[in-house]
């Protein structure tokens, strides 16, 4: 505990505390007298060892830094040489009369393949070879195999900038050659030969790309008047490429990655021709001569230091043994009475005592704030990683609260994942917000627990003594109410108690009772929002949405009662009711798909898949028509039971949709581990189309990702024609939103079922035009 807490207690602690403090001082004096000389000697020894070790580490680090810098330059120079070396590989074919004849005048595919594509693959392991003629691909070879043009992979974005660069340079050089000819006919050997090469991302992978125009050598063929053909080759940075680097530089374990490698590997960024491309790194295991030297000297250094420190420790241990036993006994008694054994903070008894003492010892002009901190999502950590990990996290949070950079009077653990911090404040209530922000920033720092990096946030409710009273129990109750408001407002925030918050809590409890009654009495209804093909004309399915029209409160938003249902456990009963109603009402709608949302809370049931299967069987609804919508929070939790339930549902024939994609914990790792059938782009991105460039870019990336993984994409929240046109242009499969149709009751579904029978037109794709 911090020094201000001792001043907070004042004289109310009584004579026992004074006697305990005096006894502690006497023990400390005896310990200092016996330890002073030994500690001085030990400090000299430790300082010498540390200085020697520090000097060795600094020297080794400098040696390693110089070696890394030299190797980085060597590897970059090797990459540049390989880019320049492509000209040698291509020139033997491109500067040849026969090549001009068999490409520019007439395209002899078999001859070109034998002398260009297959030859480059067999001799130099070039992965792709192309002949670009009249702005288009006229010949293609993939890994030494002749490939039809319409089937050949040709990464236009990566290759065409080099091709266009060759053509532009050729035109410029040809113009210079014509100008210098002074009226004479330009000779064949004066024809400009242009070569361009650089590292690009081809088909998403780092590769070396080279392009050269095909021109005569000295001889017999007259070049055509039009733009000469361009020979293009692609060498992926794969095992063969890295093997050549190993043979040249003798580096260890070279790898290419899109993510920055860990610090144990040395890396250089691949020098892409286009600097705007996403970076990629070539890394290898570096030679660390300095570290090797340290490892050779380390046993001797450790042995010497251990002997010296052991001698000092033995003497010190015998000198302090007697006083330590007594101090430990007294510390244990104090700890059991007033300290939380897990975190080392004050416990609830000390908290209540401290609030009461402060109220009794201070005048009405002094103010004191009570910050009630509740960790966000701590239950999920306990459920997924285990209580032992949760305990370690609580211990770390306790250490941070005990070291806050503010004048804390007391930091205590109230219970579970709840903490209470007491601190004096001035007359301005805004100081509560500032102090609360410091507390939240401290606990929000990442913490490594059991090889897991955890980042937790918290919600804080605050009360002020004496503004909100002086009775500890009432003050903590009001602060707890303020915590609920902070969580309801989005968590990770601070809220000072106001009387309206207590009224809101009473309203919430009333809403909870009414929701239970509404479920029992069938007061809820199911609405259906049509989902359209990207054309916006054909209906491909419906999303089932629950609605509650209260007899006295009127229409209650799902955003108001669904969170209450999740917190009270009613959401599973609610979701199963919606599922049963949707299956019963939609079983006669032909092959139309029905989407039903499930809460992450539902997946805590071990027999969830069994219950859903029973509902489908009882209602006679085919599983193939049902799509289960889940949120990213379920995947983030990494529940084994949840993944098992999802696997069972897919095995039964149901489709899985990932709802609100991009708004939570989007991760390729989760999608790779469990392949969903549909990704639903969150409405926040859709509604920002045309307002911010990043929203459109994110949607484009999501669609490309989904297309690569063979996953359908549905965009939510489509409200304008501009949004719809953009979603069509990027290749989105399905759309839904108020522009096309709002959720409708069962009685209005028939008019959309007519649209469900229309054929689905293919989604318009983008067109790339090159000049």
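The values are calculated or read from the model by the stated rules, or taken from the named source; none is laboratory data. Since this is a predicted model, take the numbers as computed values, not measurements. Every residue, glycine among them, receives a Cβ derived from its backbone with ideal geometry; neighbour counts consider all protein chains shown.
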Only residues that are part of a loop (DSSP other than H, G, I, E, B), free of Cβ contacts under 8 Å to residues at least 40 places away in the same chain and within 21 Å of the chain's Cα centre (by Cα): list them for the stretch 422-449, please.
446
Can we say residue 467 is in contact (Cβ under 8 Å) with a residue 40 or more places away in the chain, farther than 29 Å from residue 382 by Cα, in contact with a strand residue (DSSP E or B) (Cβ under 8 Å, 6 or more places away or on another chain) and outside the structural domain of residue 564 (by TED's automatic domain parsing)?
yes
Identify the single condition in (1) surrounded by fewer than 17 Cβ atoms within 10 Å (Cβ to Cβ); (2) touching a residue at least 12 places away in the same chain (Cβ under 8 Å) that residue 614 does not satisfy, given that it satisfies every other one.
(2)
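Kindly provide the set of residues from the stretch 729-740 that are crowded, with 20+ Cβ neighbours inside 10 Å and in contact with a strand residue (DSSP E or B) (Cβ under 7 Å, 6 or more places away or on another chain), ordered by number.
732, 733, 734, 735, 736
Being more than 35 Å from the chain's Cα centre (by Cα) and at pLDDT 90 or above narrows it down to one of 496, 519, 478, so name that one. Break it down stepwise before answering.
Working: 496 fails: more than 35 Å from the chain's Cα centre (by Cα); 519 fails: at pLDDT 90 or above.
Result: 478 is the single residue among 496, 519, 478 that is more than 35 Å from the chain's Cα centre (by Cα) and at pLDDT 90 or above.
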Selection count where residues are farther than 20 Å from residue 83 by Cα and over 24 Å from the mean Cα position of the chain (by Cα), scope the stretch 244-283
3
Are any of the residues in the stretch 371-385 within 25 Å of the chain's Cα centre (by Cα), under 22 Å from residue 468 (Cα atoms) and either assigned by TED's automatic domain parsing to the domain that holds residue 641 or surrounded by 15 or more Cβ atoms within 10 Å (Cβ to Cβ) (or both)?
yes
Set 641, 624: member being in a helix (DSSP H, G or I) and either modelled with pLDDT of 95 or more or under 22 Å from residue 714 (Cβ atoms) (or both):
624
Considering only the stretch 523-555, how many residues are over 34 Å from the mean Cα position of the chain (by Cα), free of Cβ contacts under 8 Å to residues at least 60 places away in the same chain and in a strand (DSSP E or B)?
6
Among the residues listed as 581, 640, the single one being free of Cβ contacts under 8 Å to residues at least 12 places away in the same chain and at negative phi:
640
Restricting to the stretch 719-728, what's the tally of residues that are without any contact (Cβ under 8 Å) to a residue 40 or more places away in the chain and either buried (at least 21 other Cβ atoms within 10 Å of the Cβ) or touching a helix residue (DSSP H, G or I) at 6+ places or on another chain (Cβ under 9 Å) (or both)?
3
If I filter the stretch 450-459 for residues that are modelled with pLDDT under 90, surrounded by 14 or more Cβ atoms within 10 Å (Cβ to Cβ), part of a strand (DSSP E or B) and in contact with a helix residue (DSSP H, G or I) (Cβ under 8 Å, 6 or more places away or on another chain), do I get at least one hit?
yes
For the subset of the stretch 248-264 comprising residues that are farther than 21 Å from residue 205 by Cβ and in contact (Cβ under 8 Å) with a residue 40 or more places away in the chain, which member is surrounded by the fewest Cβ atoms within 10 Å (Cβ to Cβ)?
248
Within the stretch 499-522, the residues that are touching a residue at least 12 places away in the same chain (Cβ under 8 Å) and closer than 30 Å to residue 431 by Cα are 501, 502, 504, 505, 508
Residue 139: passes all of (1) in a helix (DSSP H, G or I); (2) in contact with a strand residue (DSSP E or B) (Cβ under 9 Å, 6 or more places away or on another chain) but (1)
Given the criteria in contact with a helix residue (DSSP H, G or I) (Cβ under 6 Å, 6 or more places away or on another chain) and in the same structural domain as residue 712 (by TED's automatic domain parsing), does residue 539 qualify?
yes
Between residues in the stretch 223-241 that are outside the structural domain of residue 112 (by TED's automatic domain parsing) and residues that are modelled with pLDDT under 85, which pairs lie under 7 Å by C-beta distance while being six or more apart or on different chains?
none
